[in-house]
Amino acid sequence: MKFPIYLDNHSTTPMDPRVLEAMLPYFVEKFGNSASRNHAFGWEAEEAVENARKQIARLIHADPKELVFTSGATESDNLALKGVVEMYREKGDHVITSMTEHRAVLDTAKALETKRGIKVTYLPVDKTGMVSPDDVRNAITDKTVLISIMLANNEIGTINPIKEIGRIAKEKGILFHCDATQGVGKIPVDVQEMGIDLMSFTAHKIYGPKGVGALYVRKKGPRVRIAPIIDGGGHERGMRSGTLPVPLIVGFGKACELCEQEMAAESVKLATMRDRLQAGIMNTLDEVYLNGHPTQRLPHNLNISFAYVEGESLLMGVKEIALSSGSACTSATLEPSYVLRALGVGSDLAHSSIRFGLGRFNTDEEVEYTIKRIIETVTRLREMSPLYEMAKEGIDLKSVQWAAH
Ligand SMILES: *Cc1c(COP(=O)(O)O)cnc(C)c1O
């Protein structure tokens with residue numbers, strides 16, 4: 001076994017060596033600008049980009065012409081929200097999203113509220129982290145121009161009922177954007193079947209390179225139009241100017257092709273490993289709680305709260321394993337995760353949560369090691385915890401009068 005063990009695949013994934021191999025010729029040898037129309041260097045680059053576009057489109061059941069390359073999902077989310085709001089401002093000024101979206105959507109929505117006077121509805125989620133299609137329907141007004149709901153959550157892995165939401169959006173004639181960054185390449189995604197009009201995703205979460213992503217923009221039924229947020233040479237049909245990063249795009253294409261070929265088997269393998277990890281930990285330790293949906297979740301995700309243990313302390317205790325905690329993960333201040341809070345998880349349990357994110361290169365041996373180390377460390381930390389001792393002795397902690405300080 002090699003240390004440290006990487007179990008943070010929701011943050012980013014290691015690049016697949018087959019992806020690197022596909023990219024290498026496009027750095028030095030085949031360095032052309034895909035927008036150069038007059039010579040072989042440009043043609044060669046353009047051909048590589050168009051091939052990648054096909055590989056990516058196939059994975060999500062889109063037409064290659066419906067893809068706009070960006071620097072990643074953060075930019076795609078910005079382009080979708082700002083681009084639609086700007087283009088359709090005559091039609092309305094209301095956007096619907098949810099409380100558990102990624103910061104790339106939430107912060108963009110906040111910026112639209114404060115800088116553009118747009119009204120935003122942040123829908124709550126149920127205790128498993130799921131958005132209710134009925135809530136979406138009830139939030140729609142005659143001023144609603146966009147619904148933005150994520151496919152799968154990056155902390156708890158819960159998969160939203162996207163198809164139902166897509167159907168409601170279609171029925172009401174409202175555009176539907178989906179941040180599918182965590183779902184693409186992990187679970188089947190079909191923009192037709194799901195009724196998605198705009199969709200964000202990124203290469204580095206699917207074993208591709210960092211710095212490249214895409215926004216799917218529907219071309220017909222309806223034809224979606226968005227205002228650009230970057231002006232320039234009119235690349236990507238005017239929606240996103242700038243010379244295309246050909247090597248990154250080639251890598252993104254290869255990463256999608258590999259996902260398309262291997263996803264079915266890989267998701268079974270990862271779900272089996274995840275279930276083993278979950279059972280190994282939860283069958284041994286008491287007072288541990290699963291966060292998210294028990295079944296409707298990403299195959300490689302596991303999020304658990306360990307009562308009476310500070311998540312940060314647990315991470316410090318297992319430094320040879322790369323994991324994320326439910327505190328501080330999105331901010332410099334030690335605030336508990338807003339995603340877990342939205343599920344109704346109390347502040348204490350939110351602070352004691354750990355996210356395990358399995359990936360393509362993890363092994364059964366690593367899973368067994370992780371189970372053993374988590375059990376050891378939680379047990380040791382609890383032995384030092386007076387609160388845990390008191391709880392074990394049957395003292396109701398809520399009834400205790402704490403001295404003020
Ligand atoms: C990682 C992530 C993003 C941001 O993607 P980048 O390519 O790093 O900008 C956006 N949304 C979700 C759900 C993510 O998991």
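Quick notes on this structure:
- When restricted to residues that are away from the ligand (no atom under 16 Å from the Cβ) and not in a loop (DSSP other than H, G, I, E, B), the range 212-227 contains 1.
- Subset of the range 150-181 that is among the charged types (D, E, K, R) and surrounded by 24 or more Cβ atoms within 10 Å (Cβ to Cβ) - its residue that is farthest from Ile226 (Cα to Cα): Glu155
- Listed by first and then second residue, the pairs with beta-carbon distance under 6 Å, at least 6 apart or on different chains, first residue in the range 72-89 and charged (D, E, K, R), second in a loop (DSSP other than H, G, I, E, B) and more than 15 Å from the ligand (Cβ to nearest atom), are Glu86/Ala227.
- Within the range 281-382, helices (runs of 4 or more DSSP H) holding 2 or more residues that are under 23 Å from Asp126 (Cα atoms): 338-342, 347-351
- Cβ-Cβ under 8 Å pairs, at least 6 apart or on other chains, the range 340-359 side touching a residue at least 60 places away in the same chain (Cβ under 8 Å), far side part of a strand (DSSP E or B) and charged (D, E, K, R): Arg355/Asp8; Gly357/Asp8
- If only residues of the range 90-121 that are away from the ligand (no atom under 16 Å from the Cβ) and hydroxyl-bearing (Ser, Thr, Tyr) are counted, the one that is nearest to Ala342 (Cα to Cα) is Thr121.
- Residues in the range 244-297 that are in contact with a Pro (Cβ under 9 Å, 6 or more places away or on another chain) and of a type in the set (Phe, Trp, Tyr): Phe252 alone.
- For the range 228-243, the condition of being within 14 Å of Val191 (Cα to Cα) and either surrounded by 15 or more Cβ atoms within 10 Å (Cβ to Cβ) or within 16 Å of the ligand (Cβ to nearest atom) (or both) holds for none of the residues.
- Taking the listed residues Val246, Val184, Val268, the one that is of a type outside the set (Lys, Arg), in the same structural domain as Glu368 (by TED's automatic domain parsing) and in contact (Cβ under 8 Å) with a residue 24 or more places away in the chain is Val268, with no other qualifying.
The values are calculated or read from the model by the stated rules, or taken from the named source; none is laboratory data. Fair warning: this is a prediction, and the values are worked out from it, not measured in the lab. As a convention, Cβ positions derive from the backbone with ideal geometry for all residues, glycine included, and neighbour counts pool all protein chains shown.
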